[in-house]
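The values are calculated or read from the model by the stated rules, or taken from the named source; none is laboratory data. Please read these numbers as outputs of a predicted model, since none were measured by experiment. So basically every Cβ, Gly included, is an ideal-geometry build from the backbone, and we count neighbours across all protein chains shown. Only protein heavy atoms, including side chains, enter the accessible area calculation; ligands, DNA and RNA are left aside. Shrake-Rupley method; radii C 1.70, N 1.55, O 1.52, S 1.80 Å.
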Amino acid sequence: MMGVIKFKSHRENNLVQLTHSMPPAKLEIFKSLETWADNNILVHLNPVEKCWQPQDFLPDPKSDGFYDEIKELRERCKEIPDEYLVVLVGDMITEEALPTYQTILTTLDGVKDETGVSSSPWAVWTRAWSGEENRHGDLLNKYLYLSGRVDMKQTEKTIQYLIGNGMNPQMENNPYLGFIYTAFQERATFISHGNTARLAKAHGDIKLAQICGTIAADEKRHEIAYTKIIEKLFEIDPDETVLAFADMMKKKITMPSHMMFDGQDDNLFENYSEVAQRFGVYTAKDCRDSGVAGVKMEGRKAQDYVCNLAKRIRRLYERSQILRYGKKAETHRFSWIFNKEVQL
Ligand SMILES: [Fe+2]
Ligand SMILES: [Fe+2]
């Protein structure tokens, strides 16, 4: 008999999914931008030989001091609160679902990797970007493993479920939507890793602060590249780009790990997000203050749109504040930290 694969059922699965919404005539635009991308986007990649690697931040297994280093790591990590761990595990799991993100980027018309070794600068970027991103999940995963504070089997299960479930960013194979979405996500991860760095320092784990800060710097560099692409699109095709922007905002930028599941908690993503918000790691306020701020746009239409957007995000933030402070405190048990209870 075949085993039953039980994934979290999601309403997304029942939605009509739009595909290939970019008019085929626009393919030419991305083709014509290849030289530009070569000169302006690939420069934001770091050569592998100059990149940091997870091992630079972890106890060295071939050194005599290996076990002492692990002991030190565990000692430092003792002061880290459970709420922080929940947020960091959630962030790590989000990074670990990288296969999903690379898959989606390689479905974008006009910029996809047709062969797996395509020499188009769009494809070169996506592969190398994935290679850079891959270090984020690796490093956080290994650090959390060594800390001894996390139920590794539960977090590993969550990663497997998440990759199996996929995600629904509603990009429609449309590179306008895809690049706008990804710029937002790089911004969001820059802010959240920056916040976990700040909080790790506040709780006395300087090494962990360094790790999160280093990852945040990568996200910033990626954000700059994706934002440059959007600016270029605004310059050469403002109408389509504004429409894509409006469309993406209407869809509210679904977070990449919204389909996470640990085999137990049907509201795992919502609960993790609650803890992150309460702990000040990522909030609607950050979203309000960021994102579009970095995009320079031409034209009144675009400016009007962004002004209205800022108002909308502010309302969203205010609503979340009411929800947060209007209800009484609740707690929740997370399997990731051995079912310990944390405040939502
Ligand atoms: Fe990342
Ligand atoms: Fe990123």
Which of the residues that make up the range 119-131 are surrounded by fewer than 19 Cβ atoms within 10 Å (Cβ to Cβ) and farther than 17 Å from Ala183 by Cα? Ser119, Val124, Gly131
Among the residues of the range 132-146, write down those that are away from ligand 2 (no atom under 16 Å from the Cβ) and open to solvent by less than 10 Å² (accessible area, probe 1.4 Å). Tyr143, Leu144
Show the residue pairs that are 6+ apart or on different chains and have beta-carbon atoms under 7 Å apart, the first residue being within the range 120-138 and touching a residue at least 60 places away in the same chain (Cβ under 8 Å), the second being part of a helix (DSSP H, G or I) and open to solvent by 20 Å² or more (accessible area, probe 1.4 Å). Ser120/Glu34; Pro121/Glu34; Pro121/Asp38; Pro121/Leu42; Val124/Leu42; Trp125/Leu42
Only residues that are in contact (Cβ under 8 Å) with a residue 60 or more places away in the chain, in contact with an Asp or Glu (Cβ under 9 Å, 6 or more places away or on another chain) and open to solvent by 30 Å² or more (accessible area, probe 1.4 Å): list them for the range 49-77, please. Trp52, Gln53, Arg76
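Does Glu172 satisfy the criteria of being farther than 27 Å from Glu341 by Cβ, within 11 Å of ligand 2 (Cβ to nearest atom) and at pLDDT 95 or above?
no
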The range 175-195 residues that are among the charged types (D, E, K, R), paired with ones that are within 12 Å of ligand 2 (Cβ to nearest atom) and in a helix (DSSP H, G or I) (beta carbon under 8 Å, 6 or more apart): Glu186/Glu219; Glu186/Lys220; Glu186/His222; Glu186/Glu223; Glu186/Tyr226; Arg187/Glu219; Arg187/Glu223
Pick from the range 85-102, criterion touching a residue at least 60 places away in the same chain (Cβ under 8 Å) and surrounded by fewer than 23 Cβ atoms within 10 Å (Cβ to Cβ), ranking: farthest from ligand 1 (Cβ to nearest atom): Leu85
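Which of the helices (runs of 4 or more DSSP H) contained wholly in the range 152-264 include at least 1 residues that are open to solvent by less than 20 Å² (accessible area, probe 1.4 Å), more than 16 Å from ligand 1 (Cβ to nearest atom) and within 30 Å of Asp109 (Cβ to Cβ)? Give the derivation first.
Numbers: elements: 152-165, 175-202, 206-236, 238-250.
Hits in the range 152-264: 175-202, 206-236, 238-250.
Please list, ordered by residue number, the helices (runs of 4 or more DSSP H) wholly in the range 58-119 having 3 or more residues that are within 16 Å of ligand 2 (Cβ to nearest atom). Reasoning before the result, please.
Numbers: elements: 66-77, 82-96, 98-105.
In the range 58-119, 82-96, 98-105 are the helices (runs of 4 or more DSSP H) which contain 3 or more residues that are within 16 Å of ligand 2 (Cβ to nearest atom).
Yes or no: Gly116 open to solvent by 10 Å² or more (accessible area, probe 1.4 Å) and either of a type outside the set (A, V, I, L, M, F, W, C) or on the phi > 0 side of the Ramachandran plot (or both)?
Details: open to solvent by 10 Å² or more (accessible area, probe 1.4 Å): yes; either of a type outside the set (A, V, I, L, M, F, W, C) or on the phi > 0 side of the Ramachandran plot (or both): yes.
Yes, satisfied.
Against the definition (within 16 Å of ligand 2 (Cβ to nearest atom) and in contact with a helix residue (DSSP H, G or I) (Cβ under 9 Å, 6 or more places away or on another chain)), how does His193 come out, yes or no? Don't jump to the end; show me each part of the working.
Details: within 16 Å of ligand 2 (Cβ to nearest atom): yes; in contact with a helix residue (DSSP H, G or I) (Cβ under 9 Å, 6 or more places away or on another chain): yes.
Here the answer is yes, as His193 does meet what is asked.
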